[in-house]
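Trainee: What follows is a single structure, and I will ask about it in a moment.
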Amino acid sequence: MKFFLSVALLLLQLTLTEAQDCKAYIPFEKGTISEMTNYDKKGKVVGIVTQHVSQVESKGNTTTFTVHQNFEDPKSKEELVENEMTFKCIDGEFYIDMNGYIDKKQMEAYEGMEVKLSMDEISIPSSYKIGENLKDGYIKMEVNGGPFPINMTVNVVNRLIVAEEELTTPAGTFDCVKISQDIVTKSIVNIKISSVEWYAEGVGVVKTETIKKGKLIGYSELTKFKKP
């Protein structure tokens, strides 16, 4: 009996260790609030995204982080656009919700229609090397019920670990992993842009730069970060 109990405790300990080994590039604590400010290429504010970690749940080798987002356009008097995203740590891998690559205002235009989403999530491993290529991902949207069917696929490809850097924003100074990638949207018109993103463990995205044809077209940075 003692032998079986010891084995059970050992298995439980191994499971917990695997979950803890995952580096979560998202706030660890429920109630954490962060703010990302979006700028155009000239540094003018074009939008603000407020994020609130509404739930953190661990089960077996998986930890799930639910994040509620509010999108605000400084020029618009319309109500905030809201969204909810889910991030996961599974067996030492941090998975990013691909819903973040779909424009929320665009989704509102399809209200009342049949919308089908399918995806393969991108991820960041706990252990990596500078210069390492990361797994590609995609999100596909099929819309029916309108004048004509709409199909759109956003592919996130050529993902590369560029460097580890210390980055300072109005929210503080953070140790980050820098990742570059290409984002290819295939629909009626195909569009390709590139982005560079800086992630900090326990924080999330600290800064992003969006590039098209070699030129910066906009950027975002963390402007507020408050733990409960």
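The values are calculated or read from the model by the stated rules, or taken from the named source; none is laboratory data. Quantities reported herein were computed from a predicted structural model and do not represent experimental measurements. Because the Cβ atoms are built from the backbone with ideal geometry, glycine has one as well, and the counts that use them run over all protein chains shown. Ligands, DNA and RNA are excluded from the accessible area calculation, which covers all protein heavy atoms including side chains. Shrake-Rupley method; radii C 1.70, N 1.55, O 1.52, S 1.80 Å.
Trainee: Per the 1.4 Å probe, what fraction of the accessible area of the chain, in percent, lies on carbon and sulfur atoms?
Mentor: For the chain, the apolar C and S fraction of the accessible surface comes to 52 percent.
Trainee: Still on this structure, I have one more. Would you mind checking which residues have amide H under 5 Å from V203's amide H? H placed 1.01 Å from N; only 5 or more apart, or other chain.
Mentor: So V203 has HN proximity to I26.
Trainee: Another question, then. Run lengths n ≥ 4 of DSSP H only: what is the helix-derived mean residue ellipticity at 222 nm for the chain, with -39500 (n - 2.57) per run over all residues, to the nearest 500?
Mentor: -3500 deg cm²/dmol
Trainee: So which lysines can K213 reach, going by Cα to Cα under 27 Å and dropping same-chain residues fewer than 8 places off?
Mentor: K41, K42, K44, K104, K105, K135, K140, K178, K186, K192
Trainee: Can you give me the Cα centroid spacing of the range 127-149 and the range 180-224 in angstrom?
Mentor: The range 127-149 and the range 180-224 have Cα centres spaced 14 Å from each other.
Trainee: While we're looking at this one, here's another question. Taking only protein heavy atoms and a 1.4 Å probe, what accessible area per residue, in Å², does the chain have with all protein chains in place?
Mentor: 59 Å²
Trainee: Here's something else I'd like to know. Can you tell me the 0 to 90 degree angle between the C-alpha axis of helix 2-21 and the longest principal axis of the chain, rounded to 10?
Mentor: The angle comes out at about 30 degrees.
Trainee: Another one. Computed over the Cα atoms, what is the radius of gyration of the range 121-225 divided by 2.2 N^0.38 Å, N being its residue count?
Mentor: Output field value: 1.24.
Trainee: For the chain, which longest stretch is free of loop sites, where a loop site is one of the chymotrypsin sites (Phe, Trp or Tyr not before Pro) that DSSP puts outside H, G, I, E and B and that has at most 16 other Cβ atoms within 10 Å?
Mentor: Of all site-free stretches, the longest is 129-228.
Trainee: Under the rule of at least 5 residues apart or a separate chain, name every residue whose amide H is placed under 5 Å from the amide H of E84.
Mentor: Amide H neighbours of E84: Q69.
Trainee: L160 accessible area, nearest 10 Å², 1.4 Å probe?
Mentor: 60 Å²
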